[in-house]
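Scroll down for the structure; my scribbles are underneath it.
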Amino acid sequence: MFQKKAIAKGLTALLLLSITVSAFGGNSIAAAAGKEVYKSSYIKYAKQQQKKSRKTLYYAIINASDGKMPVLLVTTSDSYIKHDTGAVCADVYSYSNGKVVQITKMQSTGSGYPLLQKDKYIISGWHHSSQRLMVSGANGYMETIDGFGMENTKCHQKSWTIANGKKKDFSSKIISEKKAFSLDYYTNAYEKGGKIIKFKKVNARAKQ
């Protein structure tokens, strides 16, 4: 009798383990399938934009959002940095309600400040300011620091939400130059593991 009970308990535990593994495995498979849908839609969109503009375009698909989906960046040959396959300027897109939507444009000052990714942020830099963007669905959340390294200029910390291409919930406060330097998003990302966003050439014929 004891042996039968032990076998029964063992089978029950095995069944529960199997159900748990299947559930988590199913979620992983669904998530992977979802990302493939985004990737396919992004590549198709980039090809369409290249055809429409009649210019050579470059794209990057990265995980720089609040975790729900990857985002698309598209840049032109004018903003593309050939030696490190980065870019100084790119339009940022997300996927919402079954279509690709533009969030905003991220712009750096030049080839010395290629766009970076650090964790969930896309980061751009100028000589006296830096910006970081996090995408969430069809919205973007921007934070900026400006004014550091300039004489007789106040430093500011600003933030706003981007929805339907428009700014909202804008806030701004004056901060000390010391704090501005310490918060500089670009320098911090560059020195603490941020990576240059790598772009690929949009190929209208070959499969990406």
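So the values come out like this:
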read-out: Spin-label model distance (nm) - T153 vs S111, 7 Å beyond Cα toward Cβ; value: 2.4
read-out: Distance histogram for region 82-208 (every C-alpha pair counted, 10 angstrom bins, percent rounded to whole numbers); value: 13, 38, 35, 12, 3, 0
read-out: Global form of region 39-91, assessed from the alpha-carbon gyration tensor, a/c cut-off 1.5; value: oblate
read-out: Local electrostatic count at K118 - Lys and Arg +1, Asp and Glu -1, tallied over other residues with Cβ under 15 Å; value: 0
read-out: Part-to-part distance (alpha-carbon centres) for region 49-95 and region 138-178, which is given in Å; value: 23
read-out: Pairs from K154/K179; K82/K198; K120/K178; K167/K192; K47/K167 whose Cα-Cα separation, in the structure shown, is over 21 Å; value: K120/K178; K167/K192; K47/K167
read-out: DSSP bridge orientation in region 43-185 - percent antiparallel, rounded to nearest 5; value: 100
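Values in this text are rule-based calculations from the coordinates and carry no lab data. Quantities reported herein were computed from a predicted structural model and do not represent experimental measurements. Glycine gets a Cβ as well: all are built from the backbone with ideal geometry, and neighbour counts include every protein chain shown.
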